[in-house]
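Student: Sharing a structure, written as structure tokens. Questions coming.
The values are calculated or read from the model by the stated rules, or taken from the named source; none is laboratory data. Just so you know, these numbers come straight off a predicted model, no measurement behind them. A quick note on method: Cβ atoms are made from the backbone with ideal geometry, for glycine too, and the neighbour counts reach across all protein chains shown. We work out accessible area using only protein heavy atoms, side chains counted, and drop any ligands, DNA or RNA first. Shrake-Rupley method; radii C 1.70, N 1.55, O 1.52, S 1.80 Å.
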Amino acid sequence: KYDANFIAPDNGNIYLTFDCGYEHYAKDANGKSYRVTEKILDVLKEKDVKAVFFVTMYYVKDQPDLVRRMIDEGHTVGNHTNNHPVMPNQTIDKMVYAITSLHDYVKEKFDYEMNLFRFPTGEYSTRSLSVVQTLGYKTVHWSFAYVDYDTENQPNVKASLEHVTGS
């Protein structure tokens, strides 16, 4: 009814998505700092895999070269709002602004039209689903999510792969 995907059609595909609210940095074996999204993009390019990156205004302004690379390498860039609010708690006007201000900025700076949306924190309501749809977006939820911002509490890589591919 609201053009939202909770579970994608069973077609054998895995849809790989990333929420980019801010950039994560890590250190390699030599102690050199690197941007995690840059490494993700390197691997996606090497494996010829496309993904969806849901970005916030902060991320777009802070990492414009990575957003440009996402677009140039054929990935989809989706709207994750201008400031990551819990959408059901917002007025309709605030929801519209949270979505359209980022949409307009990306269109102006990157000549790119976003059409996929992901709710910050995954929280939504019938009203917020309706607002997103009215603005011409398709909502995309996730099936498996990891608390990637907690770098000290990450799941085992092998177990994560088995969990995703076994489902």
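Student: Which entry in (1) 26, 20, 16; (2) 37, 18, 11; (3) 32, 20, 12 matches semi-axes √(5λ) of the Cα gyration tensor in Å derived from the coordinates of this structure?
Tutor: Working out semi-axes √(5λ) of the Cα gyration tensor in Å from the coordinates points to (1).
Student: Also, quick follow-up: Dipole size in debye (nearest 20) for the stretch 22-167 around its Cα centre, Lys and Arg Cβ +1, Asp and Glu Cβ -1? Could you put the intermediate results ahead of the total?
Tutor: Numbers: 17 positive and 20 negative charges, 30 e Å.
It comes to approximately 140 debye.
Student: With everything on Cα atoms, drop me the angle between helix 36-47 and the longest principal axis of the chain, reported from 0 to 90° to the nearest 10.
Tutor: For helix 36-47, the angle is close to 80 degrees.
Student: When averaged across all projection directions, what area in nm² does the alpha-carbon convex hull of the stretch 45-130 cover?
Tutor: Details: hull surface 23.0 nm².
That works out to 5.8 nm², a quarter of the Cα hull's surface.
Student: Leaving out ligands and nucleic acids, and using a 1.4 Å probe, what accessible area per residue does the stretch 37-143 come to in Å²? If you can, show how the numbers build up before the last one.
Tutor: Numbers: 5210 Å² over 107 residues.
Computed with neighbouring chains in place, this is 49 Å² per residue.
Student: Could you point to the residue in SER130, VAL140, ALA4 farthest towards the positive end of the chain's charge dipole, with +1 and -1 charges on the Cβ of Lys/Arg and Asp/Glu respectively?
Tutor: SER130
Student: Can you quote the Å³ per residue value for the convex hull of the Cα atoms in the stretch 1-90, rounded to an integer?
Tutor: Values: hull volume 12.5 nm³, N = 90.
Considering the Cα atoms of the stretch 1-90, their hull volume per residue is 139 Å³.
Student: What dipole magnitude, in Debye to the nearest 20, does the stretch 83-146 give about its Cα centre under +1 on Lys/Arg Cβ and -1 on Asp/Glu Cβ?
Tutor: Values: 6 positive and 6 negative charges, 33 e Å.
Computed about the Cα centre, the dipole is about 160 debye.
Student: What are the ³J(HN,Hα) values, in whole Hz, obtained from phi via the Karplus relation 6.51 cos²θ - 1.76 cosθ + 1.60 with θ = phi - 60°, for each residue of the stretch 118-135 in sequence order, with x given for Gly and Pro?
Tutor: 10, 6, x, 6, x, 8, 8, 9, 4, 5, 5, 4, 5, 4, 4, 5, 4, 7
Student: Compute the Kirkwood hydrodynamic radius of the stretch 83-159, taking the inverse of the mean of 1/r over all pairs of distinct Cα atoms, and give it in Å to one decimal. Show your work: numbers first, answer last.
Tutor: Details: mean 1/r = 0.0708 Å⁻¹.
Roughly 14.1 Å, rounded to one decimal.
Student: Now a separate question. Ordering GLU73, GLU46 by accessible area with a probe of 1.4 Å, largest first, what comes out?
Tutor: Values: GLU73 35, GLU46 135 Å².
From most exposed to least exposed: GLU46, GLU73.
Student: Just to confirm the number: angle between the C-alpha axis of helix 92-110 and the first principal axis of the chain, 0 to 90 degrees, nearest 10?
Tutor: It is inclined by approximately 50 degrees.
Student: Which of the listed residues, PHE110, ILE40, MET95, is farthest toward the dipole's positive end in the stretch 22-152, when Lys, Arg count +1 and Asp, Glu count -1 at the beta-carbon?
Tutor: Farthest towards the positive end: MET95.
Student: Just the number, please: carbon plus sulfur as a percent of the accessible area of the chain, 1.4 Å probe, no ligands or DNA/RNA counted. The partial results should precede the final answer.
Tutor: Working: 5140 of 10170 Å².
Carbon and sulfur: 50 percent of the exposed surface of the chain.
Student: Applying 1/(1 + (r/R0)^6) with R0 = 41 Å to the Cβ-Cβ distance of LYS27 and ALA4, what FRET efficiency is obtained, to the nearest 0.05? Don't jump to the answer; show the numbers that get you there.
Tutor: Working: r = 38 Å, r/R0 = 0.93.
The formula returns an efficiency of 0.60 here.
Student: Residues with beta-carbon under 11 Å from that of TYR2, excluding TYR2: net charge, scoring Lys, Arg +1 and Asp, Glu -1? Provide the component values of the computation, followed by the final result.
Tutor: Values: positive: LYS1, ARG127, LYS138; negative: ASP3.
Surrounding charge for TYR2 is +2.
Student: Okay, next question. If contacts are Cα pairs under 8 angstrom and at least 6 residues apart, what is the relative contact order of the chain in percent?
Tutor: Values: 223 pairs, mean separation 38.4, N = 167.
Relative contact order here is 23 percent.
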